[in-house]
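The values are calculated or read from the model by the stated rules, or taken from the named source; none is laboratory data. Please read these numbers as outputs of a predicted model, since none were measured by experiment. Heads up, the Cβs are rebuilt from the backbone with ideal geometry, glycines too, and the neighbour counts pull from every protein chain shown. What goes into the accessible areas is simple: the full protein's heavy atoms, side chains included, and nothing from ligands, DNA or RNA. Shrake-Rupley method; radii C 1.70, N 1.55, O 1.52, S 1.80 Å.
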Amino acid sequence: MRRPTSVSAVAVLDLHDLLLDMGLATAEQMSAAGVHRDELIDRSDNARPLQEQRLDEKHLLALWQIAANNTRIPHVGLVIGQTFNPATRGVLASWLFQCTEAGEALHVFQKHIALMNPSESWTVTEIGEELVLEFSFAPDKPYPQAAIERSMSALLRWGQEMTGVPITPNACEFRFPRPAYAERYVEVFGSHLHFDSPRNSLHLPRAFLHAPIGSANSYLKHLLEERALQAFQHLQVNGEWLNKVRQLVQATLKDGVSIEQVCQTLHVSRPTLYRRLKEEGTSFTELVSAVRKDLAYKQIQQGLPIATVSEALGFKDVSTFHRAFKRWFNQSPGAIRGPFT
């Protein structure tokens, strides 16, 4: 059985409680979604602290669907992103608040974000005097627009809480169309907004990297870093073997994936490879398809020519790639390239 993706328990419980407090969800809705708060927390004698506990990502996805389906507060993602509660910090967030400068905290956050949610990804690029933070969810995870709004606005709010300085981006890009409540975006992100863009990104002044963090404490940082890295290593070990297979598949896509080569590199027989993949709830064929799917989305979104992507992923022709892409994402490659690629 495939090991489910896990996320920070604090992230799930925080969203659960916020939706109830805001009147955007009822206990009946939570129950129908399979989210039972009391059953989520491990209270056994040997349980990890709540800040270090993990939960199946399905609970977080279910809560975000409830949030997105509400009709009373359409900008719910922005509201949640701007809500700051120090009591809901997990082990990673606690570590960030002990860093010396915003740049250090940003590096730690980007590198270890799997402690919060492995399906989230931030890419940081320095261009002249500007800092570009590009955000995305894993393409195979059905996070709604509200979840994107929350993550992007939360980064600004938490940055402000750490440094004590309000952060106004130079510009912001969003992959989705301009929403009816766009005026709410101005309150959070400023006036330089670009919708229907090829990416989700925040453009900040590069000077933000050197903003000091008022709560920095080297002793606490050392303790929290040690705890966080232990938890991070545990996550890595669990997924290390499967990631090695994925990497080998990715490296040989263009020339035709060879299961014999994968077995030889990993020093396992073909039956052993099949068995271990089955234990993870997948097969070699499914894994190859998953790797192609992920790379196809990322490379098309980056603006690479469709023919180039098709060849790199080992498709025999562009039309076959087109059919596969539409099957995966229910849209053609051209639909996600954006007007500026």
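From the list 168, 163, which one is open to solvent by less than 30 Å² (accessible area, probe 1.4 Å), over 19 Å from the mean Cα position of the chain (by Cα) and more than 25 Å from residue 71 (Cα to Cα)? First the steps, then the outcome.
Working: 168 fails: open to solvent by less than 30 Å² (accessible area, probe 1.4 Å).
Exactly one of 168, 163 is open to solvent by less than 30 Å² (accessible area, probe 1.4 Å), over 19 Å from the mean Cα position of the chain (by Cα) and more than 25 Å from residue 71 (Cα to Cα), namely 163.
Considering only residues in segment 75-122 that are assigned to a loop (DSSP other than H, G, I, E, B), more than 14 Å from residue 155 (Cα to Cα) and modelled with pLDDT of 95 or more, the one that is least open to solvent (accessible area, probe 1.4 Å) turns out to be 99. Restricting the first member to segment 31-55 and to residues that are surrounded by fewer than 17 Cβ atoms within 10 Å (Cβ to Cβ), and the second to residues that are not aliphatic (A, V, I, L, M), the beta-carbon pairs closer than 6 Å and six or more apart or on different chains are 37/16; 42/53. Go through the residues of segment 149-158 one by one and say whether even a single one is farther than 30 Å from residue 233 by Cα, in a helix (DSSP H, G or I) and acidic (Asp, Glu). Within segment 149-158 (the criterion being farther than 30 Å from residue 233 by Cα, in a helix (DSSP H, G or I) and acidic (Asp, Glu)), the answer is no, since none of the residues qualifies.
Regarding segment 307-325, can at least one residue be identified that is within 22 Å of the chain's Cα centre (by Cα) and crowded, with 16+ Cβ neighbours inside 10 Å? Before you say what the answer is, go through the steps one by one.
We begin by selecting, within segment 307-325, every residue within 22 Å of the chain's Cα centre (by Cα); these are 325.
Those left that are additionally crowded, with 16+ Cβ neighbours inside 10 Å: 325.
Checked against the condition, which is being within 22 Å of the chain's Cα centre (by Cα) and crowded, with 16+ Cβ neighbours inside 10 Å, segment 307-325 yields at least one hit.
All conditions in (1) buried (at least 18 other Cβ atoms within 10 Å of the Cβ); (2) without any contact (Cβ under 8 Å) to a residue 60 or more places away in the chain; (3) among the charged types (D, E, K, R) hold for residue 14, with the sole exception of (2). In segment 190-244, the residue that is surrounded by the fewest Cβ atoms within 10 Å (Cβ to Cβ) out of those that are assigned to a helix (DSSP H, G or I) and among the polar types (S, T, N, Q) is 218. Residue 61 meets all of the listed conditions (1) open to solvent by 20 Å² or more (accessible area, probe 1.4 Å); (2) over 23 Å from residue 134 (Cα atoms) but one, namely (2).
Considering the conditions (1) at pLDDT below 95; (2) within 26 Å of residue 24 (Cβ to Cβ); (3) among the β-branched types (Val, Ile, Thr); (4) in contact with a helix residue (DSSP H, G or I) (Cβ under 9 Å, 6 or more places away or on another chain), residue 71 is excluded by exactly one of them, (4). Taking segment 111-132 as the range and being over 22 Å from residue 91 (Cβ atoms) and aliphatic (A, V, I, L, M) as the test, the residues that pass are 127, 131, 132. Residue count for segment 125-137 under the criterion of being within 14 Å of residue 152 (Cβ to Cβ) and open to solvent by 40 Å² or more (accessible area, probe 1.4 Å): the result is 2.
Residue selection: residue 297 fails the criterion of being over 30 Å from residue 52 (Cβ atoms), in contact with a Phe, Trp or Tyr (Cβ under 8 Å, 6 or more places away or on another chain), assigned to a helix (DSSP H, G or I) and without any contact (Cβ under 8 Å) to a residue 24 or more places away in the chain. Among residues of segment 258-273 that are more than 14 Å from residue 285 (Cα to Cα), those with a beta-carbon under 7 Å from a residue that is open to solvent by less than 40 Å² (accessible area, probe 1.4 Å) and not in a helix (DSSP H, G or I) at least six positions away or on a different chain give the pairs 261/252.
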